[in-house]
Amino acid sequence: MGEVLSQSEIDNLLAALSAGELDVDKIQDNDEKPVKNYDFNRPAKFSKEHLRTLEIIYEHYSRLISTNLPVYLRKNVQVTVSSSETVAFSEFSNALSNPVILGIVNFQPLNGNIIMELSSNLGYAIIDRMLGGDGLPLDKTREFSEIELTIIQKMMVLFTQLMRDPWKNVLEISPMLSRIETNPQFAQVVAPTDMTAIVTLNVKIGDVEGYINICLPYFTLEDIMDKLNTKYWYSTMQENKDQNYEENIEALIRKVDIPVKAILGKSSISVSDFMGLQVGDCIRLDTKVDSEMDVYVGNIRKFTALPGANNDRYAVRVTTVVHEKE
């Protein structure tokens with residue numbers, strides 16, 4: 001449909017024609033259709049709709065990482081989707097640094113693999129935090145040691161498993177981390193000319209900022225390309241019921257490790273007596289052998305129990321549950 005002129009624009013056009021400022025011969029309808037160049041070396045296999053759907057999937061994935069990663073790092077983590085684009089696999093691999101952290105993920109039940117690239121500064125920060133440091137990257141990059149790669153592998157397994165839920169509206173997947181590569185030459189999962197979709201996640205761990213690149217080859221997603229659209233996404237989306245929400249929260253809480261301690265009794269002695277303790281000395285406690293002990297879960301008194309043994313190990317038998325009011 002052509003452009004509709006307003007009355008004032010029509011009046012101005014007629015005035016310009018009358019004054020000779022506009023040549024009628026130069027006013028011609030342009031019936032030529034616009035020509036768009038097509039690069040056969042970079043076939044457009046991913047549309048904007050496909051990339052938008054992938055962004056929606058990995059926005060959900062970003063929220064899961066932001067929730068689960070602080071459990072391991074004990075530090076604030078912020079993850080957002082930065083961008084998505086289509087590039088040939090050779091362009092992606094040529095842009096990789098060395099050393100690099102690449103997780104090769106088997107994207108079952110789909111054919112082929114995908115690649116997760118974790119920036120080196122984030123890798124060093126995670127390693128430093130897991131080993132008790134402040135979570136700071138190295139000033140100068142170097143090769144990763146075997147121990148460091150083991151720690152990174154644990155995190156990459158977590159990242160892989162968290163992909164299950166975001167993809168549920170498209171396909172039930174069972175991703176599995178096949179291996180970790182630090183040399184880009186050993187991560188050729190598809191032909192160099194094959195097209196891939198790259199979703200970039202911006203990750204901030206404390207004051208350290210980096211990225212995670214998700215490389216999704218067309219070869220891997222070919223069987224579900226018709227499902228990668230927002231219409232299909234929203235039509236298959238199911239609202240979480242309160243019961244399922246409670247079950248998910250309960251499942252997450254059950255994975256948390258909480259220290260449990262049973263207190264046999266208490267005693268007060270002088271510092272000099274304490275410094276002079278030897279093997280075989282006895283300390284008198286304020287409890288009897290047959291009296292109940294207090295059992296603490298974390299710092300909360302939760303149970304009372306009697307001491308005993310089980311398979312040559314010290315044990316306690318819970319006798320009562322202490323409620324909050326008590």
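The values are calculated or read from the model by the stated rules, or taken from the named source; none is laboratory data. The structure presented is a predicted model; accordingly, all values stated were derived computationally and were not measured. Neighbour counts are summed over all protein chains in view; Cβ atoms, including those assigned to glycine, are modelled from backbone coordinates with ideal geometry.
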Taking region 291-326 on its own, how many of its residues are of a type in the set (Asp, Glu) and closer than 15 Å to Ala262 by Cβ?
-> 2
Has region 158-174 got at least one residue that is in contact with a Ser or Thr (Cβ under 8 Å, 6 or more places away or on another chain) and not aliphatic (A, V, I, L, M)?
-> yes
Keeping to region 62-93, report how many residues are in contact with a Pro (Cβ under 8 Å, 6 or more places away or on another chain) and in a helix (DSSP H, G or I).
-> 4
Taking Leu228 as meeting all but one of (1) modelled with pLDDT under 90; (2) surrounded by 10 or more Cβ atoms within 10 Å (Cβ to Cβ); (3) under 30 Å from Ser145 (Cα atoms), write down the number of the exception.
-> (3)
What is the number of the single condition among (1) in a loop (DSSP other than H, G, I, E, B); (2) closer than 25 Å to Glu59 by Cα that Gln153 does not meet?
-> (1)
Out of all the residues in region 83-91, is one or more in the same structural domain as Ile205 (by TED's automatic domain parsing), over 26 Å from Glu181 (Cβ atoms), at pLDDT 90 or above and of a type outside the set (Val, Ile, Thr)?
-> no
Within region 94-124, restricting attention to residues that are assigned to a loop (DSSP other than H, G, I, E, B) and of a type in the set (Ser, Thr, Tyr), which residue is surrounded by the fewest Cβ atoms within 10 Å (Cβ to Cβ)?
-> Ser97
Got at least one residue in region 84-92 being among the β-branched types (Val, Ile, Thr), under 10 Å from the mean Cα position of the chain (by Cα) and surrounded by 15 or more Cβ atoms within 10 Å (Cβ to Cβ)?
-> no
